Structure formats: structure tokens, C-alpha cells
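Undergrad: What follows is a single structure, and I will ask about it in a moment.
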Amino acid sequence: MTAHTAPVHTFDLERLRRLWAQEKRASIARAVERRAGLALTARVTAGEALAGVVVDDVAPAPGDRTLLWLDGDLQHFRGKPGDPLRLWWTDPDDGEAIRAVLARRRGGASPRIGVMVDGDVPHRLLAGHFNVDRDDPQATFVRGRRALDALADAKPSSPAGRLRRLLVGEIEPEHHPRAIEPDPTLNPAQQAAVRHALAAEPLALIHGPPGTGKTRTLVEVIRQAVLQGEKVLACAMSNTATDHLAARLVDAGIEVVRLGHPARVDPAVEARTVDALLEATDAWTLARSWQQEARQIRDRAFKRRDRGGDHRVFREALRQADRLRRDARQQIERHKEAILERTPVVCATAAGADVELLRARTFDRVVLDEATQAPDPIALVALLRAPRAVLAGDPQQLPPTIIDPDAERAGLGTTLFERLAEREGAQLLTVQYRMPLELMRFPSRTRYGGRLEADASVAGRRLSDLGVTDDPLRPGPLLLVDSAGKGWDEAVDPETGSVANPGQAERAAAEVRRLVSRGLAADRIGLLTPYRAQRRLLRGLLAAEIARGLEIGTVDGFQGREKDAIVLDLVRSNPDGVVGFVADRRRLNVALTRARRLLLVIADTATLGAHDDFAAFAEEAEAQGGWLSAWSDEAELFEVQ
């Protein structure tokens with residue numbers, strides 16, 4: 001256990017440095033252990049690797065990169081866009097392995113994965129089978145350490161020094177109200193959050209529970225800041241959330257540029273990447289012609305030398321090629337700078353706020369979404385880029401992902417947002433636009449002090465609004481199918497350690513098919529489960545529905561998303577009362593707040609009822625008339641009259 005003297009809810013810079021170094025060591029060790037300690041077949045089963053894949057298609061990508069579409073057994077691979085990869089033949093850690101980035105994922109019955117490599121593609125990759133392993137993103141730790149050092153070294157009167165003094169409690173935020181006219185279509189809580197965000201210095205907090213329009217509120221904060229002449233750096237912890245924020249800004253008519261590796265950027269905002277904007281200019285065309293001319297000069301020089309040509313002519317040709325390449329690089333860098341200079345909003349991940357292109361650039365304000373998922377060092381990477389900041393998140397949803405459990409308990413799992421909200425409070429968004437009253441009631445009461453209210457547009461939502469036939473055996477939007485006593489026992493996958501429950505998987509699949517038989521399109525359904533082994537079972541059972549758009553995923557992968565119907569398979573059923581996932585109240589809250597019209601939970605209450613949170617949920621379902629024993633029926637297909 002890591003020793004620490006200060007409570008985890010205080011900000012201790014030296015302790016944070018030690019914990020960040022500890023987390024880096026754990027990250028490296030896990031990556032090495034994952035590759036060396038498990039056979040390739042076991043890593044494939046765990047979703048950490050791919051074996052025997054081939055390149056199915058090749059396409060050019062921005063920034064002199066190449067996109068490779070892979071063919072093989074890809075369905076269970078856990079990698080997500082932006083993950084670093086190693087492509088290899090004999091050993092993932094030898095010198096022949098090629099570094100790449102996972103660029104695209106296509107679902108459905110025939111999933112596809114696109115990976116991006118820099119420069120030209122080695123012929124060997126195109127000639128046959130190879131393997132893929134997930135790699136470890138060490139650049140993140142370098143950037144986090146650099147931010148911690150900068151905060152420690154900052155003069156007290158500087159913006160960074162003022163932020164440090166705020167974090168340790170030496171000063172409190174100041175409020176300087178501005179004369180603004182927020183978008184009148186925002187609700188009063190959102191308008192108050194916009195005013196608060198622009199008035200507080202050096203930092204403001206916005207607490208956005210599920211479905212309360214947090215992104216829309218942040219877009220308005222940024223729009224108002226731009227109207228007042230500010231340059232804004234808009235960040236989020238993940239690439240997905242950064243892309244979502246960038247897309248919403250573009251929809252609002254705000255000019256943005258998205259920084260980041262093209263493999264980590266969603267196609268919806270690819271046109272706003274710095275590479276795409278650059279490639280649309282005459283400067284790019286000229287620079288490319290210089291690069292091509294440099295290659296031709298170099299190729300001719302080597303051919304002449306090999307035929308016995310004059311070495312002085314050879315050296316002069318190489319110098320000429322180098323000058324052309326240097327001029328091309330300078331031309332590209334100048335125009336990248338020009339793009340950034342004229343664009344009021346730059347979008348990047350929190351860790352990506354420290355890229356070389358931004359090092360000398362200053363901003364007036366940083367907006368950081370998903371702040372409750374950002375470990376302190378990564379949040380600081382973004383926050384140190386401007387004298388004013390707005391942090392948005394929800395401490396009742398997913399926490400930061402920390403590998404080392406000792407570092408997590410010692411404080412690395414507690415975020416700046418949580419520490420400051422505990423001390424200063426946060427502006428709460430209270431009107432939610434996702435769930436009907438019946439689905440909102442439990443999270444509002446148990447997580448948000450009963451302060452949430454459903455907007456009139458969603459308060460009475462039902463599946464029947466979509467033309468779906470009512471099911472008299474499953475009335476209401478909240479249902480708990482209780483599998484207690486069915487004998488559907490869980491089992492641990494010996495290779496991955498993940499938990500599966502075949503009997504409960506069969507029931508979850510039957511409930512999905514019954515929903516589809518009532519007339520609900522498969523692409524309006526999300527089937528969630530906390531365990532990867534169960535997800536594999538479910539995908540095997542529901543291949544036809546997946547082909548029609550059904551999404552089967554983990555709870556963590558669904559934060560920030562929603563579906564009209566959510567079927568939640570909680571898996572655990574054992575005589576020892578081991579509840580697993582349910583013990584994490586933040587992840588349980590995410591799972592219970594994804595549905596727009598129907599939430600159907602399948603669980604063994606004899607096992608999970610031992611946990612207070614789940615017992616309270618089961619009581620809520622019963623109070624609403626939504627408790628159903630799995631003994632009542634087999635979830636047969638519904639016959640529409």
C-alpha cells in the first residue's frame with residue numbers, strides 16, 4: 001500500500017508526482033506482462049490481441065499516412081479508435097514490430113478494423129498474415145509529468161501559480177459577472193451555468209447528470225466566449241467526447257480546428273482536422289511538389305553514383321534535396337500556424353493539449369469536458385494552457401481509469417473536479433431530456449439529491465410512441481427480470497478471468513428477440529453487460545440481430561450514449577453473495593441511465609440483493625410494478641394481434 005499523509009480529497013502536488021510515477025510503472029508492467037505472460041491465444045480470447053490477420057484494403061490517410069483495413073477474426077478485439085498498436089510476426093517486442101494506431105471500427109455481422117501507419121507501408125505487411133497487440137501509450141505519462149513539473153515551478157502570481165494556490169485551498173474563485181445574453185432556448189439551469197462559467201475566475205465547475213444537456217451548455221459557454229473575442233481550447237478526456245464536442249460546435253456555426261492523430265478523429269469531424277484544412281490549401285500542393293521533387297533528385301543521385309558518377313555532384317544533389325524537404329516542412333508548419341491563428345476554437349483531448357504545435361500558443365480559456373474521468377496530471381495538461389477554465393463532468397458516473405489499485409486508493413482516482421466541488425460546490429444542471437419519470441426517479445433520488453426533473457418532452461415517453469406494440473406481461477418503462485432460483489450459475493473463464501452466465505445470456509437474448517417481435521427496430525436496442533466473457537456469449541446468440549443494428553457492449557463503453565431500449569444483463573449468480581460490478585455505484589448509475597424509453601434489467605436478486613444500492617433499485621422496480629420473476633415465462637416471441 002502506498003503511504004500518504006494527506007487525505008485523498010486534498011490536493012498534494014508531491015504525492016501526486018509519486019503516484020503518477022507509480023501508475024506509469026504499473027502501466028509498463030501490465031503491457032509487458034500482457035504480452036509475455038499470456039500466450040497469444042489467451043490474449044486473443046481476452047480481446048487484447050489479434051492473430052493471423054491480413055490486409056484487406058489500403059487507402060491513403062491525412063498527413064502522409066496509410067490506412068490498412070484488416071481481415072480476420074476481429075469481433076472480440078477490445079481496441080478502440082486511438083489505441084496504439086504493435087503489428088508483428090515473431091515477437092511483439094522485437095525490432096521488426098511496426099507501431100500503428102487503431103483508426104476505425106465497423107460493427108455488424110462482418111466487423112472491420114482499420115489501422116493507420118506513418119509513411120509508406122512495409123511490403124511485408126501486405127504479403128501475408130501477421131498479429132496485432134495493443135500497446136501502451138507512454139506519451140500520456142510524459143505529458144502528465146511535464147504538467148506537474150510546470151505547476152510546481154510556477155511563480156505564485158502567474159496563472160499557473162494562481163491555479164496551484166486555488167487547488168491547495170489558499171485562494172477561492174472570484175466572480176466577475178459579464179453582460180451576456182445566453183441562448184434563450186436553454187433552460188434556466190443551463191443559462192445559470194453559462195453565466196457562472198464565464199464569471200468565475202480562474203475556474204468554474206458544471207455538474208451535468210445524465211441527459212441534462214451538458215454538451216449543449218458547454219457549446220453555449222464557448223460561443224459566448226468567442227463572441228467576446230476569446231481564443232478557446234476545448235478538450236475532453238476521450239477522443240470520442242472531443243469529437244462530439246467539436247461536431248456540436250460546428251453545428252452551432254463556430255469555426256473549429258481539431259488537433260490529433262487522424263486515426264483518433266471521427267470521420268464526422270475529419271474535415272476540421274489541421275491536416276485536412278492544410279491539404280485544402282495551395283501551400284500544401286506546393287509543399288507536396290517540393291517533397292516529390294526532392295525524392296526524384298535523391299533517386300537520380302543514387303543511380304548516378306551507383307554507375308560511377310562524380311561524388312561531388314552526388315553530395316550537391318543530396319544537399320539540394322535536403323533544402324527542398326526543409327522548405328516543404330517550413331511551408332507546412334507556417335500554414336499550420338496560420339490555420340490555428342485564424343481559428344477561434346481548437347479542439348483536442350486533454351493529453352493532446354501538450355502537442356508541439358500548441359507549445360508556444362496561448363489561449364484565453366480552457367473548457368474541459370469529462371473532467372471527472374481525467375486523472376489530475378492529465379487534467380492539468382489542459383488547464384495550464386489558459387488563465388481561465390471551465391470543468392464539466394459528473395462524479396456520479398465513470399471515474400478515471402487507474403491501473404495501480406494502491407495509487408487509485410491513495411488519491412489518483414479522485415479528480416480535481418471532485419475535490420473542488422466538495423469545497424466550492426458546482427453548478428448543477430437539473431432538467432434532463434432522456435428518461436421518462438419512471439426511469440429518472442431512482443437515479444435522481446439516490447445520486448442527485450432528488451433534484452432532477454424530467455422535461456415535459458420526455459416525462460411520459462413510451463415505446464408505443466414509436467409504433468411498438470404494448471406488452472401486457474412487461475408493462476411500464478422499468479422492468480427487473482429476477483432470475484433467483486433458476487440455477488443459472490455464473491462461471492469464470494479460465495483464460496481471461498472474466499465472468500459469464502450462459503443461462504442468463506440465453507434469457508437476455510430472448511428478451512431482445514421479444515422486443516424485436518413487438519416491432520422495435522434492432523438498432524434502437526442496446527444490450528449491456530459488465531463482463532467481456534458474457535458479451536462474447538451474447539454476440540454468439542444474437543448474430544442475426546447484430547446484423548440488423550443491435551449493439552452489444554460493456555457499460556463503460558456506453559457512457560455518454562443512449563438507446564430507446566436498454567437490456568442490462570448483470571450476470572452474477574453465486575451462493576457467496578459476490579456482487580462484482582454492482583458494488584461500483586458509479587458504474588451502476590451509468591448502466592441504469594442509458595435508456596430513453598425502456599430499461600429491462602436481468603439479475604439474480606438472491607445474489608445482488610446483498611448490496612444496498614441494488615436492493616434499493618429492486619425495491620423501486622417492485623414499487624412501480626416492474627418486478628417479474630424469470631419463472632413466469634421464457635420471454636417467448638410476442639405475437640402481434
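The values are calculated or read from the model by the stated rules, or taken from the named source; none is laboratory data. Just so it is clear, the model here is predicted, and its values are computed rather than measured. No Cβ is skipped: glycine too gets one built from the backbone with ideal geometry, and neighbour counts run over all protein chains shown. The area values use the complete protein model at the heavy-atom level, side chains included, leaving out ligands, DNA and RNA. Shrake-Rupley method; radii C 1.70, N 1.55, O 1.52, S 1.80 Å.
Undergrad: Pull out all pairs, ordered by first then second residue, where Cβ-Cβ is under 7 Å, the residues are six or more apart or on different chains, the first lies in the range 357-382 and is under 21 Å from residue 261 (Cα atoms) and touching a residue at least 60 places away in the same chain (Cβ under 8 Å), and the second is open to solvent by less than 30 Å² (accessible area, probe 1.4 Å) and of a type in the set (D, E, K, R).
TA: From residues that are under 21 Å from residue 261 (Cα atoms) and touching a residue at least 60 places away in the same chain (Cβ under 8 Å), the pairs are 381/354.
Undergrad: Restricting to the range 158-189, count the residues that are modelled with pLDDT under 95 and open to solvent by 90 Å² or more (accessible area, probe 1.4 Å).
TA: 6
Undergrad: Separate question: Restricting to the range 251-263, what's the tally of residues that are part of a helix (DSSP H, G or I), open to solvent by less than 70 Å² (accessible area, probe 1.4 Å) and charged (D, E, K, R)?
TA: Residues meeting the conditions: 0.
Undergrad: Can you tell me which residues in the range 102-136 are open to solvent by 30 Å² or more (accessible area, probe 1.4 Å), over 19 Å from residue 44 (Cβ atoms) and without any contact (Cβ under 8 Å) to a residue 60 or more places away in the chain?
TA: Of everything in the range 102-136, those that are open to solvent by 30 Å² or more (accessible area, probe 1.4 Å), over 19 Å from residue 44 (Cβ atoms) and without any contact (Cβ under 8 Å) to a residue 60 or more places away in the chain turn out to be 106, 118, 120, 122, 123, 124, 127.
Undergrad: Collect the residues in the range 486-512 that are open to solvent by 40 Å² or more (accessible area, probe 1.4 Å), in contact with a helix residue (DSSP H, G or I) (Cβ under 7 Å, 6 or more places away or on another chain) and touching a residue at least 60 places away in the same chain (Cβ under 8 Å), keeping them in residue-number order.
TA: The answer is 486, 488, 495, 496.
Undergrad: With respect to the numbered conditions (1) surrounded by fewer than 16 Cβ atoms within 10 Å (Cβ to Cβ); (2) assigned to a strand (DSSP E or B); (3) of a type in the set (A, V, I, L, M, F, W, C), which one is the sole condition not fulfilled by residue 473?
TA: (2)
Undergrad: Please determine whether any residue of the range 63-79 is closer than 19 Å to residue 404 by Cα, surrounded by 15 or more Cβ atoms within 10 Å (Cβ to Cβ) and either in contact with a helix residue (DSSP H, G or I) (Cβ under 7 Å, 6 or more places away or on another chain) or of a type outside the set (Val, Ile, Thr) (or both).
TA: No, that holds for no residue.
Undergrad: Another one. When you look at residue 437, is it open to solvent by 10 Å² or more (accessible area, probe 1.4 Å) and either in contact with a strand residue (DSSP E or B) (Cβ under 7 Å, 6 or more places away or on another chain) or closer than 20 Å to residue 559 by Cα (or both), yes or no?
TA: yes
Undergrad: Shifting gears a bit: Show the residue pairs meeting these rules: Cβ distance below 8 Å; 6+ apart or different chains; first residue within the range 597-615 and open to solvent by 40 Å² or more (accessible area, probe 1.4 Å); second residue assigned to a helix (DSSP H, G or I) and modelled with pLDDT under 95.
TA: These pairs meet every condition: 611/582; 611/583.
Undergrad: Turning to a different aspect of this structure: Which of the residues belonging to the range 533-572 are under 20 Å from the mean Cα position of the chain (by Cα), assigned to a helix (DSSP H, G or I) and surrounded by fewer than 21 Cβ atoms within 10 Å (Cβ to Cβ)?
TA: Selection gives 556, 557, 558.
Undergrad: Does the range 211-229 contain at least one residue that is open to solvent by less than 10 Å² (accessible area, probe 1.4 Å), of a type in the set (A, V, I, L, M, F, W, C) and closer than 21 Å to residue 397 by Cβ?
TA: yes
Undergrad: In the range 188-244, what count of residues is obtained for those that are closer than 26 Å to residue 261 by Cα, in a helix (DSSP H, G or I) and either among the small types (Gly, Ala, Ser) or without any contact (Cβ under 8 Å) to a residue 12 or more places away in the chain (or both)?
TA: Matching residues across the range 188-244 total 1.
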